[in-house]
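Novice: Have a look at this one.
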Amino acid sequence: MKVLIIEDEERAAKRLKRLVEELLPQAEILGMLVSVSESVKWLKVNKDPDVILMDIELADGKSFEIFESYTPSSHIIFCTAFDQYAIDAFKYQGMAYLLKPIKKIELEGALEKVKKQSASGIDYELLAETLANREMRYQKRILVKLGQRLKAIPVDQVAYAFTEAKSVMVMTFEGKDIPVDQSLEQLMQILDPKKFFRINRKLIVSLDSIDNMYTWSRSRVKLELTPSKDLDTIVATDRASNFKEWLEGKAF
């Protein structure tokens, strides 16, 4: 089986590759791509793989945009941290819609469907369960270590999370910045996307932390956050459109 991985988070892509190699030792990993543009270019000049493991939020847009330029004959397994796109996934040749962190047994089931050349598309029972339980997936508290002590920080107290000197910190509304063990990618998997948005590579903000917003160059947006801190609070160009949809609640 020939497999293509489209995932812009390096850690997640490597984990998918490892899981595929464990489940299908004879599989050939054709590539690991990170963006819509790169994926379209690759697909147009290469033979369609048997299966594509595809994240939805990529570096330069949603992976659904790939199908606007090229429609591969491949079976698609969506692997994403966001369940709000499940309905959109019906439009494409999805064999499964898996939520991060990807469980090995769920990926195995999806690959089995591919091997059997199933035409049933997305697992409707799993999709219904996903939508019914979407609010239950998000953590209410984040466990942190403070020296030898453990402390559970209510998510409602988190104003934003950011990277600083290779560490990940959360800032509470009380103005305390606290180191956490999770990466920003892992935090986005456990935080409710209705309330939190990753505006750039180094910063996740809560809706309640946004004090003011200003138009910026290249259609970007600059934020003023509370509590204030000297951070890059400009929404990245490739995230600006999704950010505005998030503000309006259109993604939900």
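Novice: Would you say LYS194 is open to solvent by 40 Å² or more (accessible area, probe 1.4 Å), at pLDDT below 90 and out of contact with any helix residue (DSSP H, G or I) (no Cβ under 9 Å at 6 or more places or on another chain)? Talk me through it step by step, then tell me what you get.
Specialist: Numbers: open to solvent by 40 Å² or more (accessible area, probe 1.4 Å): yes; at pLDDT below 90: yes; out of contact with any helix residue (DSSP H, G or I) (no Cβ under 9 Å at 6 or more places or on another chain): no.
When the stated conditions are applied, LYS194 does not pass them.
Novice: Hey, among the residues in the range 201-231 that are among the β-branched types (Val, Ile, Thr) and over 18 Å from MET188 (Cβ atoms), which one's surrounded by the most Cβ atoms within 10 Å (Cβ to Cβ)?
Specialist: VAL221
Novice: Output the number of the condition that LYS2 fails; it satisfies all remaining conditions of (1) touching a residue at least 40 places away in the same chain (Cβ under 8 Å); (2) open to solvent by less than 10 Å² (accessible area, probe 1.4 Å); (3) more than 21 Å from LYS103 (Cβ to Cβ).
Specialist: (2)
Novice: Restricting to strands (runs of 3 or more DSSP E) lying wholly in the range 153-208: which have 3 or more residues that are hydrophobic (A, V, I, L, M, F, W, C) and in contact with a strand residue (DSSP E or B) (Cβ under 7 Å, 6 or more places away or on another chain)? Write out each step before concluding.
Specialist: Values: elements: 158-164, 167-172, 177-180, 196-200, 203-206.
By residue number, 158-164, 167-172, 196-200, 203-206.
Novice: Here's another thing I want to ask about it. I'd like the full set of residues that are of a type in the set (Gly, Ala, Ser) and open to solvent by 10 Å² or more (accessible area, probe 1.4 Å), limited to the range 58-80.
Specialist: Correct list: ALA59, SER69, SER73.
Novice: Filter the range 232-250 for residues that are of a type in the set (Gly, Ala, Ser) and outside any loop (DSSP other than H, G, I, E, B); which is surrounded by the fewest Cβ atoms within 10 Å (Cβ to Cβ)?
Specialist: SER241
Novice: Please give the number of the condition PRO101 fails out of (1) assigned to a helix (DSSP H, G or I); (2) under 11 Å from the mean Cα position of the chain (by Cα).
Specialist: If we test PRO101 against (1) assigned to a helix (DSSP H, G or I); (2) under 11 Å from the mean Cα position of the chain (by Cα), just (1) comes out false.
Novice: Can you tell me which residue in the range 155-190 is surrounded by the fewest Cβ atoms within 10 Å (Cβ to Cβ), limited to those that are of a type in the set (Gly, Ala, Ser) and over 22 Å from PRO101 (Cβ atoms)? Before you say what the answer is, go through the steps one by one.
Specialist: If we filter the range 155-190 for residues that are of a type in the set (Gly, Ala, Ser), which is where we start, we get 159, 161, 165, 167, 175, 183.
Restricting the remaining residues to those that are over 22 Å from PRO101 (Cβ atoms) gives 159, 165, 175.
Values: ALA159: 21, ALA165: 5, GLY175: 11.
It comes out as ALA165.
Novice: Related question: Which is in contact (Cβ under 8 Å) with a residue 40 or more places away in the chain, farther than 24 Å from GLU185 by Cα and β-branched (Val, Ile, Thr), of VAL51, VAL45?
Specialist: When all the criteria are applied, what remains is VAL51.
Novice: Is there any pair linking a residue in the range 97-109 that is closer than 18 Å to GLN84 by Cβ to one that is open to solvent by 20 Å² or more (accessible area, probe 1.4 Å), with Cβ under 6 Å and at least six apart or on different chains, and which?
Specialist: Going by the 6 Å Cβ cut-off, the qualifying pairs are LEU98/GLU106; LYS100/GLN189.
Novice: Moving on to the next point. So which residues in the range 211-226 are assigned to a strand (DSSP E or B), of a type outside the set (D, E, K, R) and within 28 Å of GLN157 (Cβ to Cβ), if there are any at all?
Specialist: Here is the first cut: in the range 211-226, the residues assigned to a strand (DSSP E or B) are 211-215, 221-225.
Next cut, of a type outside the set (D, E, K, R) only: 212-215, 221, 223, 225.
ASN212, MET213, TYR214, VAL221, LEU223, LEU225, listed by residue number.
Novice: Can I ask one more? In the range 34-57, what count of residues is obtained for those that are open to solvent by less than 30 Å² (accessible area, probe 1.4 Å), part of a helix (DSSP H, G or I), closer than 23 Å to TRP246 by Cβ and of a type in the set (Gly, Ala, Ser)?
Specialist: Of the residues in the range 34-57, the ones open to solvent by less than 30 Å² (accessible area, probe 1.4 Å) are 35-36, 39-40, 43, 49, 51-56.
When the remaining residues are screened for being part of a helix (DSSP H, G or I), the result is 36, 39-40, 43.
Filter again for closer than 23 Å to TRP246 by Cβ, leaving 36.
This time we only want the ones that are of a type in the set (Gly, Ala, Ser), so: none.
Within the range 34-57, residues that are open to solvent by less than 30 Å² (accessible area, probe 1.4 Å), part of a helix (DSSP H, G or I), closer than 23 Å to TRP246 by Cβ and of a type in the set (Gly, Ala, Ser) number 0.
Novice: Residues to consider are GLY31, GLY109; find the one that is assigned to a strand (DSSP E or B) and open to solvent by 10 Å² or more (accessible area, probe 1.4 Å).
Specialist: Working: GLY109 fails: assigned to a strand (DSSP E or B).
The conditions single out GLY31.
The values are calculated or read from the model by the stated rules, or taken from the named source; none is laboratory data. Just so it is clear, the structure is predicted and the values come from calculations on it, not from any experiment. Note that we place each Cβ from the backbone using ideal geometry, even for glycine, and neighbour counts take in every protein chain shown. Only protein heavy atoms, including side chains, enter the accessible area calculation; ligands, DNA and RNA are left aside. Shrake-Rupley method; radii C 1.70, N 1.55, O 1.52, S 1.80 Å.
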